[in-house]
1. Any idea how far apart ALA669 and LYS638 come out in nm if each label point goes 7 Å out from Cα toward Cβ?
2. Using Cα pairs closer than 8 Å and at least 6 residues apart in sequence, work out the relative contact order for the range 426-549, in percent.
3. Enumerate the amide H contacts of LYS333 below 5 Å, restricted to partners 5 or more residues apart or on another chain; note that Pro and chain-start residues carry no placed amide H.
4. What distance in nm lies between label points placed 7 Å from Cα along the C-beta direction at ALA593 and GLN3?
5. Work out the FRET efficiency for VAL17 and GLU409 from their Cβ-Cβ distance, taking R0 = 56 Å, and round it to the nearest 0.05.
6. Sorted from fewest to most neighbouring beta carbons within 10 Å, what does the list MET672, MET1 look like?
7. List every residue whose amide H lies under 5 Å from the amide H of ILE314, counting only residues 5 or more places away in sequence or on a different chain, with H placed 1.01 Å from N in the peptide plane.
8. What does the charge count around ILE220 come to, taking other residues whose C-beta lies under 10 Å from its C-beta (Lys +1, Arg +1, Asp -1, Glu -1)?
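Readers should treat all values here as calculations from the given coordinates under stated rules, not as data from a laboratory. Note that the coordinates shown come from a computational prediction; the quantities given were computed from them, not determined experimentally. Please note: Cβ atoms are built from the backbone with ideal geometry, for glycine as well, and neighbour counts cover all protein chains shown.
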Amino acid sequence: MMQRVVDNIIAVTKESVKTFTYESLNNIVRLINGVSALLLTFLPGKANILEGIHGWELRPTFRGPRFPRWMENGVSSFNHFIHELSVDSDSDGSSLDYPYGDEDSDGDTSPGSPLSQSSRVSRASSFSRNDRHWMGWMWIRYVFFWILLPARFLLGIPVRIFQLSYSRSSNGSSAPGSGQVLQARAINKMQTLKDHIVHRTTDRRRGVIEDLHLAIEIFIEAIFDVVHKAAHFILSPSEAFKTLSGWYSLSSSGAQDSHDSDSEVSVPTATLGENDPAPKERNTSFQQSLNTDARTCQDVITELGYPYEAIHVITSDGYVLLLERLPRRDSRKAVYLQHGILDSSMGWVSNGVVGSPAFAAYDQGYDVFLGNFRGLVSREHVNKNISSRQYWQYSINEHATQDIPAMIEKIHQVKTAELKLSQPDLEEETNDEQPYKLCAICHSLGGAAILMYVVTQRIEERPHRLSRLVLLSPAGFHGDSSLMFTVVEHVFLLLAPILAPLVPGFYIPTRFFRMLLNKLARDFHNYPAVGGLVQTLMSYFVGGDSSNWVGVLGIPHYNMNDMPGVSFQVALHLAQMKRAGKFRMFDYGSASANMEVYGSTEPLDLGEYYGLIDVPVDLVAGRKDKVIRPSMVRKHYKLMNDAGVDVSYSEFEYAHLDFTFSHREELLAYVMSRLLLVEPSPNQQSSQKGLRLKKKGQVNS
């Protein structure tokens, strides 16, 4: 009777504490959101803070704070019974057809995470009461240990007691002499439960606030579980003594088994999981599942039903680049897409099937190649022990003279070999020209790099292998910019001699803070006032540009495992071009250094060599672009037009990031119309016609 009364008191107290803490946190979040909304009313330029945010397939869905998990199924015993029954009914595997988190999707149409299969298995499994307790402990010990360090220290002894209790319940029916096997099974069970809790509590749909809600709930559950067990032991001393005796006998039998195994002849045995790759996969999934969305460009492409191929390219200075491909091996028209600063190939597929340039080009029959510049936190290099300072020692020069040449040469090797295999008649007609046409679509820094590549290749009398350039808001000229950029330029150039030895690159070095950034992007969507305030402040920093800067932070390439960065010299190179008012190569700081590299005391002024560009160029500017204003794109146009280049110029109502992350058909239609202007040469057309007739004759015969 007394035990029942104590249980009721503990249960009521636990639910009261949960409600109080949850509502307190909710009120704090509402206060922050309200203060953010108040600040927004006094800030100018807030009309477009959420412009262009709709239609993104990779962005998290808008959704307000939800009830804690213990309230989702009701609080009555009948509702709890119905919930447990429904979970048990899913154990036959039928629930595997539904991805985890559908109840929170709010119509989200984004492709599933690479971890979705594990999440589905996690959801389909029905946990026992002890399993759920273990989930709580694993959360405390592996995720929030840095926040709850004092509590972790104080609760260390109860955790150990609970572990021993679980081991006793799991191994109580086992035969003596199998201590090591049982221990291995217990470890595998613990690892499985750890994966379950990680997948359930760090799902890619969650932000920091949602994780905090769940962490507080589980922490309170764990605390009161300890209190409940302590009260049960106090009220039932005989059962407590029996449990302690069982622990002692278990430890004694384990020591005896160990002694016996040492004295006997060793017999090789196999334990399930020792030679199986599953534990390694679990560890990998544990590391990746802490991220909100760990999808790669490959995951997005393949989940949408498109073919994918990864090609690793090594530059002459040892950098390992990832060239990704949507292959059409027999196509004689190819397109190479190159991203801009702090971006990756993910930008070209981030809008899904309808609004992504990569998918649009593939649907038009192109063999699509997605380039990735050097500059990742993972530091991909042939020298696995390369230091951070050595890795980030590069400017835009290296993007243009190392990265792009390596990728385009790899494209040439691959396309030539494949076309010769599929079309043997090409051997005769490819003596003087390449058997395919390659166009380039580049954004921002990628546009500047591709222009630098073409000019330097022509100066060195090497083939650039390109047939047309479509440049979306290309960098290079930055004289006409906002006051903010001007201030940053002066400060940066002033402090460059001091910062250069100390800061090799600008990136987030730790996994935790990369994860935090990605999860905060989710919170900015959940709380529009907070997200709007951050968006407005970020737009001020980039000169008032109305791009969806907050939304881009939620794109999967900004994750805890890897993230694009920018080297100090790239930033310095941009500041140099802004100061000089010219599109020129990197200034090494002294006449002797420049003389050694360029053969002159001044860096090469690329605008003076635009006359060497021998392919059509299509320049596209954004009227709302405050990062690279239309006047700067028109400067490219004027110099090219004066030099006799076949160049066109167009403007759209775009901000800077809208060229890759926005979902608008007009730009895709324009870009595709430019690509279609590149047709195979007459020899290639006649060869194709003859090949078709030859194949038709073979079929008829």
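1. Distance between label points: 3.2 nm.
2. Worked out over the range 426-549, it gives 21 percent.
3. Under 5 Å from the amide H of LYS333 lie the amide H atoms of ASP367, LYS437, each far enough along the sequence or on another chain.
4. About 7.8 nm separates the two model spin labels.
5. Computed FRET efficiency for VAL17 and GLU409 comes out at 0.30.
6. Ordered from fewest to most neighbouring Cβ atoms within 10 Å, MET672, MET1 come out as MET1, MET672.
7. The list, which skips near neighbours in sequence, is LEU321.
8. Combined, the nearby Lys, Arg, Asp and Glu give -2.
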